[in-house]
1. Could you report the chain's accessible area per residue, 1.4 Å probe, as an integer in Å²?
2. Considering only the other residues whose Cβ falls under 15 Å of the Cβ of ASP13, what net charge follows from Lys and Arg at +1 and Asp and Glu at -1?
3. Which GluC sites (Glu not before Pro) does the stretch 1-65 hold that lie in a coil by DSSP with at most 12 other beta carbons within 10 Å?
4. When the helices in the chain are scored as -39500 (n - 2.57) per DSSP H run of 4 or longer and the sum is shared across all residues, what 222 nm value do you end up with, to the nearest 500 deg cm²/dmol?
5. When the accessible area of the stretch 1-56 is split by element with a 1.4 Å probe, what percent falls to carbon and sulfur?
6. According to a simple spin-label model (label point 7 Å from Cα along Cα-to-Cβ), what is the distance in nm between GLN9 and ASN56?
7. Could you grab the Rg to Rh ratio for the chain? Cα atoms only, Kirkwood for Rh.
8. Tell me, what is the percent relative contact order of the chain, built from C-alpha pairs under 8 Å that lie six or more residues apart?
Amino acid sequence: MIKFDKLWQTMKDKGITQYDLYTHHHISNSLLDRLRKNKNIEIVTVDRLCNILHCNVEDIMEHFDDDNVADTE
């Protein structure tokens with residue numbers, strides 16, 4: 001599972017709000033909602049957020065093992 005909890009802290013550290021993303025960077029409210037709920041987003045969106053925040057991927061998202069993955073061994 002990918003979680004975007006780090007995104008909110010990075011935004012806070014950089015002084016960028018969700019309102020800024022919506023109004024100045026044209027990130028839709030529906031996309032912000034998807035991020036809040038840790039739902040799937042496109043990789044181009046990850047790239048765009050990293051460019052806006054001048055950060056690395058690890059600064060906005062984190063992977064956690066998921067127990068719903070089939071064991072192939």
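The values are calculated or read from the model by the stated rules, or taken from the named source; none is laboratory data. Computed from a predicted structure; not experimentally measured. So basically every Cβ, Gly included, is an ideal-geometry build from the backbone, and we count neighbours across all protein chains shown. Ligands, DNA and RNA are stripped out before the accessible areas are found, and what is left, the full protein with its side chains, is counted by its heavy atoms. Shrake-Rupley method; radii C 1.70, N 1.55, O 1.52, S 1.80 Å.
1. On the way: 5390 Å² over 73 residues.
Ligands and nucleic acids excluded, the result is 74 Å² per residue.
2. Values: positive: LYS6, LYS12, LYS14; negative: ASP5, ASP20, GLU58, ASP59.
Residues close to ASP13 contribute a combined charge of -1.
3. On the way: sites: GLU42, GLU58, GLU62; in loops: GLU42.
For GluC sites (Glu not before Pro) across the stretch 1-65 that sit outside H, G, I, E and B with at most 12 neighbouring Cβ atoms in 10 Å, the list reads GLU42.
4. On the way: 4 runs with 36 residues, N = 73.
Computed mean residue ellipticity for the chain: -14000 deg cm²/dmol.
5. Numbers: 1840 of 3730 Å².
Carbon and sulfur atoms account for 49 percent of the accessible area of the stretch 1-56.
6. The two pseudo-label positions are separated by 1.5 nm.
7. Values: Rg = 13.4 Å, Rh = 13.0 Å.
That ratio is 1.03, to two decimals.
8. Numbers: 54 pairs, mean separation 39.9, N = 73.
Answer for the chain is 55 percent.
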